[in-house]
């Protein structure tokens, strides 16, 4: 007897969500249990329906698709595969490849969709590792993340470019301080917990600072001494609250 698979679609664009649902009608073993058009509803649907296959838009109004995965990561104890899909250029795919089973570009090409479904069936039926064991959203230090600039343009930032993040209380957001000397503002709903979970080298050392450990040379009188090109920066400090966590994780003596 053939197994049937539960599907959830999360996409704020109703037309593209409908188009995806129509595509899935060509595959009788797949049943769409829920369609959500915002992150909050999507998270509830994931927990309610426990889908085998999740189609997740890269960018939702409230957060990125990867942030949504971070929100539900500890709740996923079943075997679920994630397919990101987006209307943006293919340059985004490499930046997100670490956190998804597969990718689709809008509008969806039937042949590409066939490939995704075939890969899902092969992978799902031979690999039973739950999502929570796939290190989502933790990625390698070579990973990149996407930033939406005030102009509305999308900017890719490599994790290796980031010396540290600072919290700008006046604007109530985090910004990345880059090796190029730029300060890139993040979306307001990006939290410190998400930044630290995104890359294991990002460690919070103060309520207002998250440092990239690859650039940290030493700590002197609560000041974080960074290597070039951040060696002249003196603002990054470590507070007593976060110092113990840093020592527990990295001190070997």
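Within this structure, residue 230 passes the test of being over 19 Å from the mean Cα position of the chain (by Cα), surrounded by 15 or more Cβ atoms within 10 Å (Cβ to Cβ) and touching a residue at least 60 places away in the same chain (Cβ under 8 Å).
Scanning segment 186-237 for residues that are in a loop (DSSP other than H, G, I, E, B) and under 26 Å from residue 69 (Cα atoms) yields 186, 187, 188, 189, 190, 191, 200, 201, 207, 208. Does segment 196-218 contain any residue that is without any contact (Cβ under 8 Å) to a residue 40 or more places away in the chain, out of contact with any helix residue (DSSP H, G or I) (no Cβ under 8 Å at 6 or more places or on another chain) and within 29 Å of residue 62 (Cα to Cα)? For segment 196-218, residues without any contact (Cβ under 8 Å) to a residue 40 or more places away in the chain, out of contact with any helix residue (DSSP H, G or I) (no Cβ under 8 Å at 6 or more places or on another chain) and within 29 Å of residue 62 (Cα to Cα): present. Of the residues screened, residue 62 is not one that is more than 24 Å from residue 199 (Cα to Cα) and modelled with pLDDT under 85.
The values are calculated or read from the model by the stated rules, or taken from the named source; none is laboratory data. What you see is a predicted model; the values in this text were computed from it and never measured. Glycine also receives a Cβ, built like all others from the backbone with ideal geometry; neighbour counts cover every protein chain displayed.
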